[in-house]
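Undergrad: Below is the structure I would like to discuss, written out as C-alpha cells.
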Amino acid sequence: MADVVIVRYLFTFLFLNACHAGIPGLDNLEQDGATIAQSDNHLKDDLLSIDKKMMVHQPRYKCYQCESPDCDEGDDFEGEGSQMCEEALYCFKSTVRASDGALRHSRGCSSKRDHYQFTCRTTQTSQRPRKRHAGQLNITCCQGDLCNAGRFPALSPELAVAPLSAGVWKLWLSVALAALAVGAVGGAAVLALRRSHRLRVSRAAQKLGADSNYFSSNMYSSHVTSAYYEGVEGSQNGPGLHAVAAGDSTLREYLECSVTSGSGSGLPLMVQRTLAKQVSLIERIGKGRYGEVWRGSWYADSVAVKIFFSRDEASWRRETEIYSTVLLRHDNILAYIGSDMTSRNSCTQLWLITHFHPLGSLYEHLSRTTLTRHQMMLICLSIVNGLLHLHTDIHGTQGKPAIAHRDIKSKNILVKVNGECCIADLGLAVTRRHVAGAGAGAPHAPHAPDARQGTRRYMSPEVLDLSMNLQCFESYRRCDIYALALVFWETCRRVRPAREHRPPFYELAPADPSFDDMRKIVCVDNARPEPPLDPTDPHPTMVGMANLMRECWHQNPSVRLPALRIKKTLLKLAANDNSIRLNEDNEVYV
C-alpha cells in the first residue's frame, strides 16, 4: 500500500512538470491530480480506521435529540416536542443507570466520524464484564431518518459482574490464612523478645537487690504514671539537681571499721563510692525529723534518696550498717541500693538510696483506698513476712543476726505496685550486739538504745511505763508485735464496709501526743482501739483478725504472739475465706 502511494505521488509530480512545459490537456490533468490527492487522503484515513473509510460516502440523516426526563419511551414515540438534529452520520439512543440506581434515557446524533469510537463501539466493548461500569450503560446506534425512536435499550443482567467462583474464594481464604499465620508468628516473636528482655532485666535487678515484682502487676496501675519510672534528666522539673562529690568519700573508712563485711543488700562498695555523682534529684516527696526524701533518677530509673541532716550522722550510720547486713535482702523489706556522702552549697549531706515506690506509705494508701478482704490479707501477710525476716536469726558462716525495728507504723511501711508492702526506715533498728553493749561495759561496744525512741502513738505499755528490760533483745521484738497489731487495726478499718481512716487512739489522744498522754491512755486506763467489726453481721475472717489483734497488743509482753505464729494464723484465716485466693504454696495471690 505504501508503494502505491509513492508511485502516485511521483505520477502527480510528473504531471505538474508537464503543466509548466505547456502540455495540452492541462485542465483535465489538474482535475485528475486533485482526484488523486483526494484518494491519497482517503487512503490515509483507511490507515487510521476501517470504520471511517466505510462512512466516507454515507448519507446524512435526521435524528431525535432529547434527555431525561423529556424523552418518552414507547413504540408509538413520534418525537412531539423533541428537538431534531440534521446532517447526522448516525443516530443513537441510550440507557444509563446512575450510581443511585435511577435510569436515565437519551436520544441524539453525531455528525463527526471521531465520535463513532466513543459511542456506538462502547456497546460492543461493554459486553465484557468490567469492575466499575459493567451493566450500567447500553447504547444502540442506527442509520436512517429518525431511526432512534421507539423503546430504549435495556440493561441486560448478563452485563453484571459474575459472582466469584469457588476457586477464587479458596484463593482469598488462603491469602487470609497466610496473613493470619504471619501475624501469629510475628506476635509470638514479639512476645518471646519481650520475655527475654524481662528476664535480662530481672537478672540485672536481682544483682542490685531489686524487687522482682516491681513491674509485674497492674493491680494499682491507676495510681502510677510513667513519670515515676522515667527519671530522665530534664523531664517535668528541668534538668534536675546534680550532686557533686566532696572529695574522697568516707563511706569506705566507715564500713571498713564496721563488723559487717560490706556485702549486704546494697551495691558493691566501689560502686557506692561514686553513687552520688550518678543520681539526679528530681522532686522532694517527703520531710521528716531526720531529713528529706527525694525522688531521683539513676540511669533512667526512679530511686528514693533519703538525705540526712549532718547532725543526724549517727542515724545515717545506724541505718547504713543495718542495710549492709548480710542476707537482709527480702521482698518485704525496702530494697537498699547504697549510701554515700556528698556536699551541696558547702554543706555535707548524707545520702541513703533505696528503691522508689510510687504508691507511697501505707498510711497514705489507706487514706485514699478502701480494701477487700483479699487486699487486706495481702497487706497484713506481706508486713508479717518482712517483720519475720527481720526478727529471725540466720546461722552460718555469714549469717544474719536478728533485728528489731523499734518504729513499726503505717508511715514506715511502703506499698508496692503489686499490692504487697515492704518495711522501711531502719534508723532505730537494733541487733543483739547493740543490746548486749548496754551491760557489757566494753570500751568498743555500741551504746545501749534509748527506750523512749520511736513514735509515741505506737509505743508499747512497757516502754511507756519504763518497765522494759533494756538488756533483753526479746523485749524489743515484743514491742514490734504491739505496734504491728495497731497497724493491723488501721488496715482492717478500711475493709468494706469501710470506716474513715484514722490513726490509733484518735479519739483519746491529740494529734501529736506527749509521752505522758500515751502512758495515761495505754498504761493507766489500759485502753485499746475497738476492733472494726460489723455489728450486724461480723465476718469470721474479721472476727479472727480482731482476736489476733487482742493477743498482739496484750498488756503482758510475754503473752504476745511471735511473728511466725501471726503468719500461720493469718494463713489459716485466709484458707477458710473463699474471697481470699491462695496459691499452691498457701500464699495469698498477688
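The values are calculated or read from the model by the stated rules, or taken from the named source; none is laboratory data. Bear in mind the structure is a predicted one, so any value in this text is a computation, not a measurement. Ideal geometry is used to build each Cβ from the backbone, glycine not excepted, and the neighbour counts take in all protein chains shown. With ligands, DNA and RNA removed, areas are computed over all heavy atoms of the protein, side chains included. Shrake-Rupley method; radii C 1.70, N 1.55, O 1.52, S 1.80 Å.
Undergrad: With the structure loaded, tell me whether T397 is of a type in the set (S, T, Y), over 14 Å from I333 (Cβ atoms) and open to solvent by 10 Å² or more (accessible area, probe 1.4 Å) or whether it fails that test.
TA: yes
Undergrad: Pairs, please: C-beta under 6 Å, at least 6 apart or cross-chain, first residue open to solvent by 50 Å² or more (accessible area, probe 1.4 Å) and in the stretch 130-157, second modelled with pLDDT of 60 or more and not in a loop (DSSP other than H, G, I, E, B)?
TA: Q136/R97; L137/V96; T140/K93; Q143/Y90; D145/Y61; D145/K62; L146/K62
Undergrad: Would you say R477 is open to solvent by 30 Å² or more (accessible area, probe 1.4 Å), basic (K, R), under 25 Å from R289 (Cα atoms) and assigned to a helix (DSSP H, G or I)?
TA: Judged against the criteria, R477 is a match.
Undergrad: Restricting attention to the stretch 374-386, does a residue exist that is within 20 Å of K306 (Cβ to Cβ) and open to solvent by less than 10 Å² (accessible area, probe 1.4 Å)?
TA: Yes, there is a match, as at least one residue in the stretch 374-386 is within 20 Å of K306 (Cβ to Cβ) and open to solvent by less than 10 Å² (accessible area, probe 1.4 Å).
Undergrad: Next up: How many residues are in a strand (DSSP E or B) and either within 14 Å of L352 (Cα to Cα) or basic (K, R) (or both) when one looks only at the stretch 274-285?
TA: 4
Undergrad: Among the residues of the stretch 354-373, write down those that are crowded, with 20+ Cβ neighbours inside 10 Å and among the basic types (K, R).
TA: R373
Undergrad: Also, I was wondering about something else. Test L414 against the criterion of being surrounded by 24 or more Cβ atoms within 10 Å (Cβ to Cβ), in a strand (DSSP E or B) and modelled with pLDDT of 95 or more, and give yes or no.
TA: Yes: the conditions hold for L414.
Undergrad: Considering only the stretch 281-291, how many residues are modelled with pLDDT of 90 or more and open to solvent by less than 50 Å² (accessible area, probe 1.4 Å)? Give the steps one after another, and end with the answer.
TA: We begin by selecting, within the stretch 281-291, every residue modelled with pLDDT of 90 or more; these are 281-285.
Subset that is open to solvent by less than 50 Å² (accessible area, probe 1.4 Å): 281-282.
The qualifying residues number 2.
Undergrad: Evaluate the following for K306: is it among the basic types (K, R), out of contact with any Gly (no Cβ under 6 Å at 6 or more places or on another chain) and open to solvent by 30 Å² or more (accessible area, probe 1.4 Å)?
TA: So K306 passes the test.
Undergrad: Sort out for me the helices (runs of 4 or more DSSP H) sitting completely within the stretch 499-590 that have 1 or more residues that are β-branched (V, I, T) and surrounded by 13 or more Cβ atoms within 10 Å (Cβ to Cβ).
TA: 540-552, 563-575
Undergrad: For residues that are under 40 Å from the mean Cα position of the chain (by Cα) and small (G, A, S), scanning just the stretch 395-424, find the one that is farthest from R373 (Cα to Cα).
TA: The residue in question is A424.
Undergrad: Got a number for residues in the stretch 328-353 being open to solvent by 10 Å² or more (accessible area, probe 1.4 Å), in a strand (DSSP E or B) and among the polar types (S, T, N, Q)?
TA: Final tally of qualifying residues: 3.
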